[in-house]
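In what follows, a single structure is set out as C-alpha cells and then discussed.
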Amino acid sequence: MTALEFSLILLLSSLAAGLLGALSGLGGGVVIVPVLTIIFHVDIHYAIGASLVSVIATSSGAAAAYVREGFSNIRVGMFLEIATTLGALLGAWLTTRVPTHSIGFIFGLVLLYSAYSSLRQYHEDLTQKPDPLALRLKLKGSFPASPGVQQEYVAQRVPAGFGLMTLAGTLSGLLGIGSGAVKVIAMDQAMRLPFKVSTTTSNFMIGVTAAASAGLYLRAGYLAPALVMPVMLGVLVGSLIGSRLLVRVHVRTLKIVFALVIVVLGIEMIVNSLTGKL
Amino acid sequence: MSSTAPQPASPKSWTDLRIEILVGIFLRTGVLLAAAIVLTGGILYLAQSHGPRPNYQHFQAEPAQFTHLTPTLHGVATLNPESIIMLGLLVLIATPVARVGMCIVGFLFERDHLYTAISAIVLVILLYSLFFHK
C-alpha cells in the first residue's frame, strides 16, 4: 500500500467513525482507536494520539452550534474542568507507564460500557431540594424546556460529580478519547442535571480536557503527523455531517446497530490485549 | 438573542450567553484554521511521498523535530510538509486553551470573582500540562 492509498483509506474510515460517533453521541475517538489498532495494525500510542487530536477538533467544531441552543452551562463546565484536566494529566502520564496491553484491555471495557450507556434510558428528576454547595458555586441554570418556558435546575451531589469527572479525565488522558459517556454519567446521574444540559456541557468540556493531555502526548512523540492528518480531517468532517443529520434521522435503530459494532470492537480489543496481539 | 423567550428569573444572564456565543464562534474559527493548515501540509506530504505506507506497528517516539515548538517552526519555514501538519495541530491544541482565557476575561467583566478564579485554575493546569508536565 502506498502512502497515498493509506492516507485515503484512513480518511474514509475516519469520516465514517466521525459520522457514527456524532449520530450515536459517543464521539469519534471511541471508534477510531480500535479501527486503527485492529484493522490497520497501528500501535496504540499512535492511535490514541491521533484520536485525542480528533476529539479536540470535534468538540471545538461543534461548540458554536451547541451554544446557540442555550443548553450548555459554562459555569458547570468550567468548575468540572478542574477535575477533568487534573484527571487528564494523570491519565496521560499513565500512558507512558502502563503496558500497552493494559491500555487495550481498559479500552475494551470502556467500549462495552459506552455501548451500554448509549442505549440506556435517561431519567429527568428535577424535583429536588437545593444543594448548598451547588448554590455557593452557582452550579445552576435554566434551559428552554418548551417554547417560551424556561426550566430551572440546580446541581445535586457536587462531590460525587467532581469525583466521577476526575475519572472521566483520567480515562480521556489514558485512552485518547473524549470520555463523553462518563462525563454525562457524572452530570446526569450524579449531579442530576437535565440530560440535554449534561450532553451539551460535556461536549463543551471535552476539548479542554483533551488539551490537558495533548502537551504530554506531543512531547512523548505520540503525534505522528502523517497519521494524524487524515484521521483528524476525516473525523472532523464526519462529525460535522453527523451533527447536521442528527436533526433529521431517526437514531434509535442506528444506535442499536452502532452499539453492537462497539461491543464487537470492545471484545476484540480485550481478546487482543489478553493474547498479546496488541 | 431577542428571540429567546422572556426569562424573568433566569439566572443565565445575557452576558453569559454573549460570552458563550463569542467563544463558540472563536472555537469554530480556530478549528477551521487548524484544519486548513493540516490539509495544506497533508497535500504537500502526499505530493512528495511516493513510497509505501509508513509503518506504525511498533511505537517509536516521533523525533524532536515534531515534538517541540521551535524545531517545528523551523520545519515550517523550510516548507517541510510534516512540520506544517504539526503547526496545524498546535493551533488546534491552542484553541481550547484560548477559550479558557476568554472565559477569564468574560467573568472579569461580569465581576464574578469566584469564576474568574476557577477559570484561572483551569488555565494554570492547561499551561502546566503544555509546558512542564513530564
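The values are calculated or read from the model by the stated rules, or taken from the named source; none is laboratory data. These figures come from a predicted structure and were not determined experimentally. Positions of Cβ are generated from backbone atoms using ideal geometry, with glycine treated the same way; all protein chains shown enter the neighbour counts.
Any idea which of A:Gly221, A:Gly234 is facing chain B (nearest Cβ under 8 Å) and either over 16 Å from B:Pro81 (Cβ atoms) or touching a strand residue (DSSP E or B) at 6+ places or on another chain (Cβ under 8 Å) (or both)? Among A:Gly221, A:Gly234, only A:Gly221 is facing chain B (nearest Cβ under 8 Å) and either over 16 Å from B:Pro81 (Cβ atoms) or touching a strand residue (DSSP E or B) at 6+ places or on another chain (Cβ under 8 Å) (or both). Quickly run through segment A:127-150 and pick out the residues that are modelled with pLDDT of 80 or more and at the interface with another protein chain (Cβ under 10 Å from one of its Cβ atoms). Listed by number, the residues that qualify are A:Arg136, A:Leu137, A:Lys138, A:Lys140, A:Gly141, A:Ser142, A:Phe143, A:Val149, A:Gln150. State whether the residues of segment A:235-254 include one that is touching a residue at least 24 places away in the same chain (Cβ under 8 Å), among the aliphatic types (A, V, I, L, M) and buried (at least 24 other Cβ atoms within 10 Å of the Cβ). Checking segment A:235-254: at least one residue is touching a residue at least 24 places away in the same chain (Cβ under 8 Å), among the aliphatic types (A, V, I, L, M) and buried (at least 24 other Cβ atoms within 10 Å of the Cβ).
For segment B:78-106, the set of residues classified as touching a residue at least 60 places away in the same chain (Cβ under 8 Å) and either within 14 Å of A:Met78 (Cβ to Cβ) or in contact with a His (Cβ under 7 Å, 6 or more places away or on another chain) (or both) consists of B:Pro96, B:Arg99, B:Met102, B:Cys103, B:Gly106, listed by residue number. Residue count for segment B:66-110, restricted to those that are aromatic (Phe, Trp, Tyr) and buried (at least 16 other Cβ atoms within 10 Å of the Cβ): 2.
Given the structure, is A:Leu139 among the hydrophobic types (A, V, I, L, M, F, W, C), in contact with a helix residue (DSSP H, G or I) (Cβ under 7 Å, 6 or more places away or on another chain) and buried (at least 24 other Cβ atoms within 10 Å of the Cβ)? Here the answer is no, as A:Leu139 does not meet what is asked. For segment A:212-222, the count of residues that are touching a His at 6+ places or on another chain (Cβ under 8 Å), among the aromatic types (Phe, Trp, Tyr) and buried (at least 24 other Cβ atoms within 10 Å of the Cβ) is nonzero. Restrict the check to segment A:195-205 and report whether at least one residue is touching a residue at least 12 places away in the same chain (Cβ under 8 Å), aromatic (Phe, Trp, Tyr) and within 14 Å of chain B (Cβ to nearest Cβ). Taking every residue of segment A:195-205 in turn, at least one turns out to be touching a residue at least 12 places away in the same chain (Cβ under 8 Å), aromatic (Phe, Trp, Tyr) and within 14 Å of chain B (Cβ to nearest Cβ). Looking at segment B:112-121, is at least one residue over 29 Å from A:Leu94 (Cβ atoms), charged (D, E, K, R) and at pLDDT 90 or above? Within segment B:112-121, one or more residues are over 29 Å from A:Leu94 (Cβ atoms), charged (D, E, K, R) and at pLDDT 90 or above. Scanning segment A:223-234 for residues that are buried (at least 23 other Cβ atoms within 10 Å of the Cβ) and of a type in the set (A, V, I, L, M), which turns out nearest to B:Arg53 (Cα to Cα)? Restricting to residues being buried (at least 23 other Cβ atoms within 10 Å of the Cβ) and of a type in the set (A, V, I, L, M), the top hit is A:Leu227.
Within segment A:36-69, restricting attention to residues that are over 28 Å from A:Leu11 (Cα atoms) and touching an Asp or Glu at 6+ places or on another chain (Cβ under 9 Å), the residue that is surrounded by the most Cβ atoms within 10 Å (Cβ to Cβ) is A:Val67. Please identify the pairs in which a residue from segment A:155-167 that is within 12 Å of A:Glu81 (Cα to Cα) has its Cβ atom under 6 Å from the Cβ atom of a residue that is crowded, with 19+ Cβ neighbours inside 10 Å and modelled with pLDDT of 95 or more, counting only partners at least 6 apart or on another chain. Partner pairs satisfying both residue conditions: A:Phe162/A:Ala83; A:Met165/A:Leu80; A:Met165/A:Ala83; A:Met165/A:Thr84; A:Thr166/A:Ala83; A:Thr166/A:Gly87.
For segment A:90-103, taking the residues that are among the hydrophobic types (A, V, I, L, M, F, W, C) and surrounded by fewer than 22 Cβ atoms within 10 Å (Cβ to Cβ), the one that is nearest to A:Thr170 (Cα to Cα) is identified as A:Leu90.
Which members of segment A:30-47 meet the condition of being within 8 Å of chain B (Cβ to nearest Cβ) and of a type in the set (Ser, Thr, Tyr)? Once the filter is applied, which keeps residues that are within 8 Å of chain B (Cβ to nearest Cβ) and of a type in the set (Ser, Thr, Tyr), segment A:30-47 yields only A:Tyr46.
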